[in-house]
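Asks: Got a structure for you, written out below as structure tokens; questions coming shortly.
The values are calculated or read from the model by the stated rules, or taken from the named source; none is laboratory data. Since we're looking at a predicted model, the values are computed, not measured. Cβ placement follows ideal geometry from the backbone for every residue including glycine, while neighbour counts extend to all protein chains displayed.
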Amino acid sequence: MTRTRTALVIGGGIAGPVAAIALRRAGIEASAYEAYDRQADGIGGELMLAPNGMAALASAGIADEVAAAGVPTPRMVMETGAGKRLGQFEDLPGLPTSRTFTRARLYRALTDAATAAGVRIEYGKRLVGYLDHGDRVIATFADGSTAEADVLIGADGIRSTVRGLLDPAAPQPRYSGLVGLGGWSRDAGLPSTDGALHLAYGKKAFFGYRIGDDGAAGWFANVHSAEMLTAAQARETPPAEWLRRLRELFAGDTLPALRLLDRVDPGEFVNVGGLQDMPPVPVWHRGRVALVGDAAHAMTPSSGQGASLSIESAVELARCLRDLPIEQAFTAYERLRRARVERVAARAARVNNDKAPGPVGRVLRDLLFPVAMRTFYDQERMFGWLHRHTIDWAEPVGRAGAAPRS
């Protein structure tokens, strides 16, 4: 198969724009196609890019402009609902600082960077099928239009249309047992957390919060639910009712949750429904089509790595297509990425279980966590493999791909 000259990128979230930018940097003409008819302004809550995610943006040449859209978040504080500190994690020395973004601002920064790089982004283009002709691939959209290129990259998220077309037997998203809620609180009268993200194991639910110097706070809650609720089903319950339930869940804790919940504007309430991830996806590529980001390796927010790993994968895919014929490039890309992302996903699944233990498990966790931190904790050993991962853009990709680094 020949080298890649053109690419269709399906999806305009996080992985899609980064893949298109990196492909353009690799000398491949890339265009992006987003199903929704407009940019995702004002949609979604907060998310963090870890040091490895920021480093991957640097490999794509867009770290500075994207970083400006977020706020530095160099530490995480783990605590109980009673306010007992379980441990603290700092960014490792010598690495880019973790940054927290509103999802809408991150989307805007990435799409602006893509446009500046010469990427054409078309909205209202919902993929319904593609044909791989062996020498080119043709995408068909719901409006009847088509587009043609050397390769098609599926960056269309956890409910990927491309994944289903690529492999009709692909697994479906898997429910974590948690519902994700969140939003912003204004003027709660609480002090700044000085750049720290606090993660608290309440008696009945999990609560995360970050308070800025201006007093505005971003927060989220993970609530156990035996029943899987889609986003649409969860939103059938009005924000005011969800907020009432959250106040009940956190009433027995000494967290600032109640003060923050009392200051939530219902119009800024975020409800994503049941949190899901993907089991290992057997088929990442076939012919001239490949998956990237959540389409290949979606994980729950408990990983703290979903967006960062999507950015890493997008950059690696572009680097492989730059240096190798298409079939070899896709094989090398999967070799570079699969073991790493599946390791992180398995770790996130364990964290999900810790967020919703029974009464005995909660007591044991709160007793043993500080002991483990004092006795066994080594931040470099625990996080070095994850956060120090870098992509050397200038390094050529070998035919089989470099040996996985984690």
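Asks: For the range 139-156, name all the residues that are more than 12 Å from V9 (Cα to Cα) and either of a type outside the set (D, E, K, R) or not assigned by TED's automatic domain parsing to the domain that holds V289 (or both).
Replies: The answer is T140, F141, A142, G144, S145, T146.
Asks: Further question on the same structure: Which members of the range 171-196 meet the condition of being part of a loop (DSSP other than H, G, I, E, B) and among the charged types (D, E, K, R)?
Replies: If the condition is that a residue be part of a loop (DSSP other than H, G, I, E, B) and among the charged types (D, E, K, R), then R186, D187, D194 are the ones that fit.
Yes/no matrix, rows are residues, columns are (1) surrounded by 14 or more Cβ atoms within 10 Å (Cβ to Cβ); (2) closer than 20 Å to F207 by Cβ; (3) touching a residue at least 60 places away in the same chain (Cβ under 8 Å):
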| residue | (1), (2), (3) |
| --- | --- |
| T230 | no, no, no |
| A234 | yes, yes, no |
| A240 | no, yes, no |
| R247 | no, yes, no |
| F250 | yes, yes, yes |
| R263 | yes, yes, yes |
| L275 | yes, yes, yes |
| P280 | no, no, yes |
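Asks: Can you name every residue in the range 206-241 that is assigned to a loop (DSSP other than H, G, I, E, B) and under 21 Å from T100 (Cβ atoms)?
Replies: G212, D213, D214, G215, A216
Asks: Further question on the same structure: Checking A82 against (1) assigned to a strand (DSSP E or B); (2) more than 17 Å from the chain's Cα centre (by Cα); (3) of a type outside the set (S, T, Y), which single condition isn't satisfied?
Replies: (1)
Asks: Here's a follow-up. Could you please let me know if V289 is touching a strand residue (DSSP E or B) at 6+ places or on another chain (Cβ under 6 Å) and touching a residue at least 24 places away in the same chain (Cβ under 8 Å)?
Replies: Here the answer is yes, as V289 does meet what is asked.
Asks: Please state which one of V162, V151 is touching a residue at least 24 places away in the same chain (Cβ under 8 Å), over 20 Å from the mean Cα position of the chain (by Cα), under 30 Å from Y333 (Cβ atoms) and buried (at least 22 other Cβ atoms within 10 Å of the Cβ).
Replies: Result: V151 is the single residue among V162, V151 that is touching a residue at least 24 places away in the same chain (Cβ under 8 Å), over 20 Å from the mean Cα position of the chain (by Cα), under 30 Å from Y333 (Cβ atoms) and buried (at least 22 other Cβ atoms within 10 Å of the Cβ).
Asks: If you take just the strands (runs of 3 or more DSSP E) that sit entirely in the range 101-142, which of them hold at least 3 residues that are surrounded by 21 or more Cβ atoms within 10 Å (Cβ to Cβ)?
Replies: none
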